[in-house]
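Okay, structure first, notes after.
The values are calculated or read from the model by the stated rules, or taken from the named source; none is laboratory data. Here the structure is a predicted model, which means the values were calculated and not measured. Heads up, the Cβs are rebuilt from the backbone with ideal geometry, glycines too, and the neighbour counts pull from every protein chain shown.
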Amino acid sequence: MSPDESLGADGRFAHLIITDALVHDGGLGEPFEADVVVSAGRIVAVGAGAGRDRSAAQVLPAQGRSLLPGLIDAHFHAYATTLDAWQLETQRLSYAALVGAQRLGRALRRGFTTVRDVAGGDEGLERACREGLLPAPRYLWTGPAMSQTGGHGDPRPGEVSVCFHGGPMNEVVDGVEALRVATRDRFRRGAHAVKIMTSGGVVSPTDPIRVPQYSAEEVAAVCGEARRRGSYVAAHAYSPEAVLHSVRSGVRSIEHGNLLDAEAASAMATAGAFLVPTLAAYDAMARRHAEVGLSPVQRAKNTEVLEAGKAAVDTARSAGVPIGFGSDLMAQLEDDQLRGLQLQAEVLGVDQTIHSATRVNARLLERADLGTIAAGAVADLLLLDGRLPQEGSLLWNGQRPRTVVQGGRVL
């Protein structure tokens, strides 16, 4: 066979074979030695000796190194150019999209082959990613998060009297009927899911962190619309009160949950709701507050949730809540994305953290073809330069070599 005959119509090899890999398949079983065979962007075989026939194939020798499913960040913000809430929501979308494209490219190089953008994104950025106009992870978006007036997504300081409807990352929507329309419009445009704010937050200027936001009727209306579209609702919620308020009204994905207690965790487990911790964000804001200009009020809020974040993850685990992984990093803090894996591993261990950032997140996204290394799965893969879990820091050490495969293509 000539070299040209081994290539597909797009000039790439028809097949990819990764040989002698230590496979971590996203589950919680022991890693195993195997070859992984890829064709047309999907895994077709996994097993010892599966890659014997290497004709028409590009061969990537793993030589015993750790092969993981591509990582999934379930709480990403492409448009998060600054922590200044007002500046963030009044910037030109064209600028936010250009910055977002760079943020997506850097996430891909770290090994995140899929991201869920919860508060931002749109059909235009998703199309550019899908058509290969920029190097980017698989991109799932919610559009701007919905916030009540004076809620976490309302950027107006209390002393300012201006009108605000919405910006690239947040939209102020009040009332059951208005929320129904806003939810329907997001799905009309192709949103993966919808995001609402059901408690206060660190960077928002006027709302206490613990107080639940939106009425039960408003939350239930959004969840009802999402269910009819075969989708779900993600809710920003910190306190037990806000988590219970959200889950009882139909929310499926609790973002952050730093102040979670046993009662709220039990309610989540009963409802089948997921927790997406974002430990990296609070750690980064605490260490780098001067760099990003956190105000004293924001720093005080951050301290409150930072100290409780790891305990909340442990509480969720004890209750049997499925625990995903997210980063939630704004502005230049994005370069701490891998640090989030380290922080979560300090609570759950390396194997469980890999499980969270692959298989659990794929379940949350309702994508059985992601987050695993198995026949039929999308060939999104991450090859690390060593053996896990013995060398746990491989997972988060961005200075060690890592090879990213996206849709069967070695990047």
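List of remarks:
- Considering residues of the stretch 38-67 that are in a strand (DSSP E or B) and touching a helix residue (DSSP H, G or I) at 6+ places or on another chain (Cβ under 8 Å) only, the residue farthest from residue 121 (Cα to Cα): 57
- Pick from the stretch 131-159, criterion surrounded by fewer than 19 Cβ atoms within 10 Å (Cβ to Cβ) and in contact (Cβ under 8 Å) with a residue 24 or more places away in the chain, ranking: farthest from the chain's Cα centre (by Cα): 158
- Residue identified as hydrophobic (A, V, I, L, M, F, W, C) and crowded, with 24+ Cβ neighbours inside 10 Å among 220, 265, 269: 265
- Test: residue in the stretch 299-312 that is surrounded by fewer than 17 Cβ atoms within 10 Å (Cβ to Cβ) and modelled with pLDDT of 95 or more: yes
- Criterion: farther than 22 Å from residue 187 by Cα and crowded, with 23+ Cβ neighbours inside 10 Å - qualifying residue of 107, 101, 119: 107
- With respect to the conditions (1) over 25 Å from the mean Cα position of the chain (by Cα); (2) surrounded by 16 or more Cβ atoms within 10 Å (Cβ to Cβ); (3) at pLDDT below 95, residue 60 falls short on a single one, namely (3).
- Residue in the stretch 267-274 that is over 20 Å from residue 196 (Cα atoms), not in a helix (DSSP H, G or I) and not β-branched (Val, Ile, Thr) present: no
- Within the stretch 364-406, considering residues that are basic (Lys, Arg) and in contact with a Lys or Arg (Cβ under 9 Å, 6 or more places away or on another chain), the one surrounded by the most Cβ atoms within 10 Å (Cβ to Cβ): 402
- Restricting 326, 349, 340, 320 to those that are farther than 25 Å from residue 205 by Cα and buried (at least 22 other Cβ atoms within 10 Å of the Cβ) reduces the list to 340.
- Scanning the stretch 281-304 for residues that are touching a residue at least 60 places away in the same chain (Cβ under 8 Å) and not in a helix (DSSP H, G or I) yields a count of 2.
- Inspection of the stretch 320-328 identifies at least one residue that is out of contact with any strand residue (DSSP E or B) (no Cβ under 6 Å at 6 or more places or on another chain), in the same structural domain as residue 116 (by TED's automatic domain parsing) and not acidic (Asp, Glu).
- Residue match in the stretch 183-194 (condition: modelled with pLDDT of 95 or more, in contact with a Pro (Cβ under 6 Å, 6 or more places away or on another chain) and over 30 Å from residue 382 (Cα atoms)): no
- Evaluated against (1) of a type in the set (Ser, Thr, Tyr); (2) touching a residue at least 12 places away in the same chain (Cβ under 8 Å); (3) closer than 30 Å to residue 124 by Cβ; (4) surrounded by fewer than 23 Cβ atoms within 10 Å (Cβ to Cβ), residue 94 falls short on exactly one condition, (2).
- Checked against (1) out of contact with any His (no Cβ under 9 Å at 6 or more places or on another chain); (2) closer than 23 Å to residue 253 by Cα, residue 323 meets all criteria but (1).
- Pairs with Cβ under 6 Å, 6+ apart, first in the stretch 97-122 and assigned by TED's automatic domain parsing to the domain that holds residue 383 and among the polar types (S, T, N, Q), second part of a strand (DSSP E or B) and surrounded by fewer than 19 Cβ atoms within 10 Å (Cβ to Cβ): none
- Selected residue [in the same structural domain as residue 77 (by TED's automatic domain parsing), more than 17 Å from residue 256 (Cβ to Cβ) and not β-branched (Val, Ile, Thr)] from 331, 316: 331
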